[in-house]
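Every read-out reported here was derived from the displayed coordinates using simple, explicitly stated rules and does not represent laboratory data. The structure displayed is predicted, hence computed values, not measured ones. Cβ atoms come from the backbone with ideal geometry, glycine included; neighbour counts cover every protein chain shown.
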Amino acid sequence: MAEEKKESKTKRPTAKKRDIQNAKRRLHNRSFKSRVKTAIRSFEKDVAEKNVDSAKAKLNLVISLLDKGVKHNIYKLNKVSRLKAKFSSRV
């Protein structure tokens, strides 16, 4: 008896595959940007309340997230450099 052939993945056109990949990336990028914005809001709140120690800790978190965003091509380098300089001057 011959073995039955396993069902292979259905082939799809390249354009459709790219649409699926782009949707996944868009979702990931949106959630990452949301994390960054939340961290920035938290940092700015501490700066407004003049909590220096907490603001410095949150500044490190914001800078780390921004650098990761550049590493994964979510943000451009000049934008992140501008933001880091702006936030560092506030502390």
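Things to note:
- For the chain, the longest principal axis of the Cα atoms and the long axis of helix 77-90 meet at an angle of about 30 degrees.
- Entry for log10 I(q)/I(0) by the Debye sum over Cα atoms at q = 0.13, 0.19, 0.26 Å⁻¹ (calculated from the structure that is shown) out of [x] -0.41, -0.86, -1.41; [y] -0.41, -0.90, -1.65; [z] -0.57, -0.89, -1.26: [z]
- This model, with +1 at the C-beta of Lys and Arg and -1 at the C-beta of Asp and Glu, gives the chain a dipole about its Cα centre of some 480 debye.
- Highest mobility in the GNM of the chain, judged by mean-square fluctuation with C-alpha springs under 10 Å and restricted to Lys45, Lys11, Lys37, is found for Lys11.
- Phi-derived couplings, Karplus 6.51 cos²θ - 1.76 cosθ + 1.60 at θ = phi - 60°, listed residue by residue for the range 40-52: 5, 4, 5, 5, 5, 5, 5, 5, 5, 8, 6, 8, 5 Hz, with x used for Gly and Pro.
- For the range 1-72, GluC sites (Glu not before Pro) meeting the loop criterion (DSSP other than H, G, I, E, B) and having at most 12 other Cβ atoms within 10 Å: Glu3, Glu4, Glu7, Glu49.
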